[in-house]
Amino acid sequence: MHNLTLIKGDGIGPEISEAVLKIIESAGVEINWDIQTAGAEVAELEGVPLPQRVINSVKKNKVALKSPVTTPIGKGFRSVNVQLRKELDLYANLRPCYNLPNIKTRYDNVDIVVVRENTEDLYAGIERQIDNDTAESIKRITRSASERIAKFAFEYALKNNRKFVTVVTKANICKLSDGLFLDSAREVAKNYDLPLKEILVDNCCMQLVQNPNQFDVLLLPNLYGDIVSDLCAGLIGGLGVAQGANIGNDYAVFEPVHGSAPDIAGQNKANPTAMLMSAIEMLNYIGEENAGNRIKQALFQTLCDNVKTADLGGNATCTEFTDEIIKRLNY
Ligand code: ATP
């Protein structure tokens, strides 16, 4: 029996969480879930969007599965996602991005791993209003955070038989901050027998759109990592299928790349695949590889049988898609 935390989130969060829990349960994995809520409704009731009880639960259980929590745009509380990553020092955001079967995309054989620094850069939230017409944000980059994420990228590359790492910056413009990130990657690379390639983020976006197969592991500071991973999600069928994980030395939180998708919330239209793929990685992480593989096979078979949600051009609801995966678990 595993003790794990589920952070339910809002928007489409509750729908896709329910779907994923049902699939994991049907696969026979015994999990004692500590179900925690976070977000705007929680803020109204408890005064803060991310109460200490959520952090304590993850600290106790070490591993969590999380669905998205809405971040108010341009006002309101700081992102719960960012806060959680900082509180638990989940410094590495890992987003493997590869084609799933029977999902029509512009390119075949995309297989890119995005490694995004998760704790600093413009996400440190150091902003100030100078006057009514002027605001500024500080882009904070440190050598220690840059070196540990570079080390993570190389270690991941080694363990997973990847061929090289490409560090992505705008070091020609942000000479000090991105310059430090780049310099740290170069230093770390000296300890590994794998090549480090370098590319500017604007060129990287163009190259990804024109020829994604040339990339292997991408190493990026926080903001570029966020943007480029949405681009990579687009290459494999959209946010509905893009998985992710936030990993630190002590804790790991698995969550899809996408946000809370308020435009489709509560309509039973959401694609649970991204969260399910994240959950499969979580199962592998806790030693339940067999169940993880069985769920992946069932998911792939469902897609091959052309059962798809609307974002992938199908007409299955979230619940129908989930039930079809469960049916195929025991084929
Ligand atoms: P955030 O900045 O909070 O990460 P985002 O900019 O990535 O959010 P999303 O909330 O992920 O934005 O939504 C972007 C678009 O993708 C929306 O049109 C949404 O409906 C769609 N989308 C996101 N996730 C899913 C999903 N699981 N199933 C179907 N459509 C989705």
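Give me the mean projected area, in nm² to one decimal, of the convex hull enclosing the Cα positions of region 129-239.
8.6 nm²
Which whole-number percent of Cα pairs in region 25-65 have a distance greater than 13 Å?
58 percent
Would you mind putting 68-76, 127-135 in packing order, based on average other-beta-carbon counts within 10 Å, highest first?
Descending mean neighbour count gives 68-76, 127-135.
Whole-Hz Karplus ³J(HN,Hα) for region 93-100, in order, using 6.51 cos²θ - 1.76 cosθ + 1.60 and θ = phi - 60°, x for Gly and Pro?
Values per residue, Gly and Pro as x: 9, 10, 10, x, 9, 9, 5, 9 Hz.
Quick one: Debye curve from the C-alpha atoms of the chain, no solvent, what's log10 I(q)/I(0) at q = 0.07 Å⁻¹?
These q points yield log10 I(q)/I(0) values of -0.28.
What is the packing order of peptides 262-272, 179-189, taking the mean over residues of other C-beta atoms within 10 Å and listing the highest first?
179-189, 262-272
Between region 126-184 and region 54-88, what is the C-alpha centre distance in whole Å?
Answer, in whole Å: 21.
Expressed as a fraction of 2.2 N^0.38 Å, the rule-of-thumb size for a compact globular protein of N residues, what is the C-alpha radius of gyration of region 1-59?
1.22
Over 19 Å between C-alpha atoms is what I'm after, so list which of Lys159/Lys190; Lys139/Lys197; Lys62/Lys86; Lys60/Lys296; Lys66/Lys86; Lys66/Lys159 land there.
Lys139/Lys197; Lys60/Lys296; Lys66/Lys159
Along region 319-327, what does the Karplus equation 6.51 cos²θ - 1.76 cosθ + 1.60 (θ = phi - 60°) give for ³J(HN,Hα), rounded to whole Hz, x for Gly and Pro?
Going residue by residue, I get 5, 4, 4, 4, 5, 5, 5, 4, 4 Hz, with x marking Gly and Pro.
For region 1-156, what does the accessible surface come to per residue with a 1.4 Å probe? Please give it in Å².
On a per-residue basis, 49 Å².
In the chain, which Cys residues have no partner Cys with a Cβ closer than 4.7 Å?
Cys174, Cys204, Cys205, Cys304, Cys318
Per-residue HN-Hα couplings for region 17-26, Karplus 6.51 cos²θ - 1.76 cosθ + 1.60 at θ = phi - 60°, whole Hz, x for Gly and Pro?
Result, ordered by residue: 5, 4, 4, 5, 4, 5, 5, 4, 5, 5 Hz.
Once the whole set of protein chains is in place, how much accessible area is left on Ser26, using a 1.4 Å probe, in Å² to the nearest 10?
50 Å²
The values are calculated or read from the model by the stated rules, or taken from the named source; none is laboratory data. The shown structure was predicted, so the numbers you read here are calculated from the model rather than taken from an experiment. Heads up, the Cβs are rebuilt from the backbone with ideal geometry, glycines too, and the neighbour counts pull from every protein chain shown. With ligands, DNA and RNA removed, areas are computed over all heavy atoms of the protein, side chains included. Shrake-Rupley method; radii C 1.70, N 1.55, O 1.52, S 1.80 Å.
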